[in-house]
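Working notes, structure below.
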Amino acid sequence: MKPLVLINFKTYEESCGDHALELAKAISQVKQKDYQLAIAPTLLTIREIAKKNKSLIFAQHADTEYGAHTGSIPLGELKESGAKGVILNHSEYKILFLKLKEIIKLCRKQELISVACASTLSEIKRIAAFAPDYIAYEPAELIGGNVSVVDADEKIIVRALNVIWKLSPGTKLLCGAGVHSRKDLQHALALGAEGVLLAHAVVKARDPKEFLEKMVG
Ligand code: G3P
């Protein structure tokens, strides 16, 4: 698979409701061939977006199998709605390790790509044991800012890769937090990561399509 550039829509006003559809459309028109672009829209818009465009879609969270679980998000329904993967344990939506382990297992059963987020090296160590498809290293203090994780935490990224290669060689690393340029993306890949996870730089860009074309085109 090409390096993954996963755009988390979060729940910004600019990426909710009808704006989510416009943003997804703009991203689907980005001209490039070297990366796998993917989007993680709000759960409320996944189904509609999936019907209208062919982007690789991730959910921002998931909880459970089908059953009596009021207010939960079933993985089966996400899949049926068009999601191909799930972001889990984002630092804005932490879950217990045991629960994370269980949901990663369910993802495997449903053939959904799992992206488990970790904010520290010790969290990476614990999560690698669950063998998700991706671990996204996102230090919480850099999220939403303009200092990129790759500039701030180069040494931790290299250590994270060593940990992952040792504990779960099939798991790939994404770098997230403050990623906002072509240089950040290439720096992450040069360190050995297999992509990036980013949000505000795209969602809040004056022209998200133009912004992404500069980054990946
Ligand atoms: O999930 C992406 C994320 O938390 C990074 O956010 O806005 O710093 O790119 P941002």
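In table form, for the structure just shown:
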| item | result |
| --- | --- |
| Trypsin sites (Lys or Arg not before Pro) restricted to DSSP loop in segment 1-53 with at most 13 other C-beta within 10 Å | LYS31, LYS33 |
| Gain in span if fully extended, ASN146 to GLU111, counting 0.36 nm per residue against the direct Cα distance | 9.2 nm |
| Per-residue HN-Hα couplings for segment 25-32 [Karplus 6.51, -1.76, 1.60; θ = phi - 60°; Hz; x = Gly/Pro] | 5, 4, 5, 5, 9, 5, 8, 5 |
| Segment 26-52 and segment 148-203: distance between their alpha carbon centers, rounded to Å | 21 |
| Calculated from backbone phi, Karplus (6.51, -1.76, 1.60) coupling profile of segment 162-168 in Hz, x at Gly/Pro | 5, 4, 5, 4, 6, 8, 8 |
| Overall form of segment 36-99 per C-alpha gyration tensor (a/c, 1.5; a/b vs b/c) | oblate |
| Leading residue at positive end of dipole, segment 103-217 (Cβ point charges), from LEU167, ALA177, GLY144 | LEU167 |
| Where only alpha carbons of the chain are counted, the Rg and the Dmax (Å) | 16.0, 47 |
| Spatially close lysines, pair count over segment 1-103: Cα under 17 Å, gap of eight or more or interchain | 17 |
| Student exercise, the chain dipole from Lys, Arg, Asp, Glu Cβ charges, in Debye to nearest 20 | 580 |
| Whole-number percent relative contact order across segment 55-205, with pairs defined as alpha carbons under 8 Å at least 6 apart | 17 |
| Estimated [θ] at 222 nm from DSSP helical runs (n ≥ 4, -39500 (n - 2.57)) normalised by residues in the chain, nearest 500 | -11500 deg cm²/dmol |
| For segment 1-19 and segment 96-116, distance of Cα centres in Å | 21 |
| Phi-based couplings in Hz for segment 127-140 (Karplus 6.51, -1.76, 1.60; Gly and Pro marked x) | 6, 4, 5, 8, 6, x, 5, 10, 10, 9, 7, 9, x, 4 |
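Read-outs: derived from the displayed coordinates by stated rules, not from any lab. All figures in this text were calculated on a predicted structure; none of them were measured in a lab. Because the Cβ atoms are built from the backbone with ideal geometry, glycine has one as well, and the counts that use them run over all protein chains shown.
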